[in-house]
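Asker: The following block contains the structure, expressed as C-alpha cells.
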C-alpha cells in the first residue's frame, strides 16, 4: 500500500512538472521563465503537502522513512526551497514590469 501511494505521488509530481514546462514554453520569453521558477516552487510545496498528508495517514511519509534525517528539519528545508524558487520567480516578474 505504501509503495502504491508513493508511486501515485511520483506520477502526480511528474505530471505537474511536465505540464509546467509545456505551459511555460507556450508563454516563452521573460514571463515564461519567471513562471517556470514559480512553478518549481509550487512543486516543492506540493511535495511537502503530500508528504505531510501521508505522514498524518500513517507511516506513509517518505521523509520519515529516511534513516538519517530528522523529519521536521527536512520538511522545513523543502518549504524553504519552495519559498526561494517562488521568490525568484516573482522577483523576475517584477523586473519585467519596470521600464
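Asker: Given the options 35, 66, 20, which has the most mean-square fluctuation in a GNM of the chain, springs set between C-alpha atoms less than 10 angstrom apart?
Answerer: 66
Asker: Note the angle between two axes, namely the Cα long axis of helix 2-27 and the longest principal axis of the Cα atoms of the chain, as a number of degrees from 0 to 90, rounded to the nearest 10.
Answerer: Helix 2-27 sits roughly 0 degrees off the main axis of the chain.
Asker: Given a Förster distance of 35 angstrom, what is the FRET efficiency for residue 23 paired with residue 3, based on the Cβ-Cβ distance and rounded to 0.05?
Answerer: Computed FRET efficiency for residue 23 and residue 3 comes out at 0.70.
Asker: In deg cm²/dmol and to the nearest 500, what is the mean residue ellipticity at 222 nm of the chain if only DSSP H runs of at least 4 residues count, each as -39500 (n - 2.57), divided by the residue total? The partial results should precede the final answer.
Answerer: On the way: 3 runs with 82 residues, N = 99.
Calculated mean residue ellipticity at 222 nm is -29500 deg cm²/dmol.
Asker: Please report the relative contact order for the chain, taking Cα pairs under 8 Å with a sequence separation of at least 6, and give it as a percent rounded to a whole number.
Answerer: It rounds to 34 percent for the chain.
Asker: Same structure, new question: Given a Förster distance of 35 Å, report the FRET efficiency between residue 56 and residue 97 from their Cβ-Cβ distance, rounded to the nearest 0.05.
Answerer: Values: r = 40 Å, r/R0 = 1.15.
So, using R0 = 35 Å, E works out to roughly 0.30.
Asker: If you don't mind, there's one more thing I want to ask. Determine the gain in length on full extension of the stretch residue 70-residue 30; use 0.36 nm per residue of separation and subtract their C-alpha separation, reporting nm with one decimal.
Answerer: On the way: separation 40, 0.36 × 40 = 14.40 nm, distance 3.82 nm.
Extra length available between residue 70 and residue 30 comes to 10.6 nm.
Asker: Helix 71-97 sits at what angle to the longest principal axis of the chain, using alpha carbons and giving 0 to 90 degrees rounded to 10?
Answerer: So the helix axis and the longest Cα principal axis differ by about 10 degrees.
Asker: Pick from 44, 54, 68: which is most flexible by mean-square fluctuation in a GNM of the chain where alpha carbon atoms under 10 Å apart are linked?
Answerer: Residue with maximal mean-square fluctuation among 44, 54, 68: 68.
Asker: Further question on the same structure: At a Förster distance of 35 Å, what's the computed FRET efficiency of residue 90 paired with residue 11, Cβ-Cβ distance as r, to 0.05?
Answerer: Calculated value: 0.80.
Read-outs throughout are calculated quantities, based only on the coordinates presented, and are distinct from any laboratory measurement. Model, not experiment: these values are computed from the prediction. Every residue, glycine among them, receives a Cβ derived from its backbone with ideal geometry; neighbour counts consider all protein chains shown.
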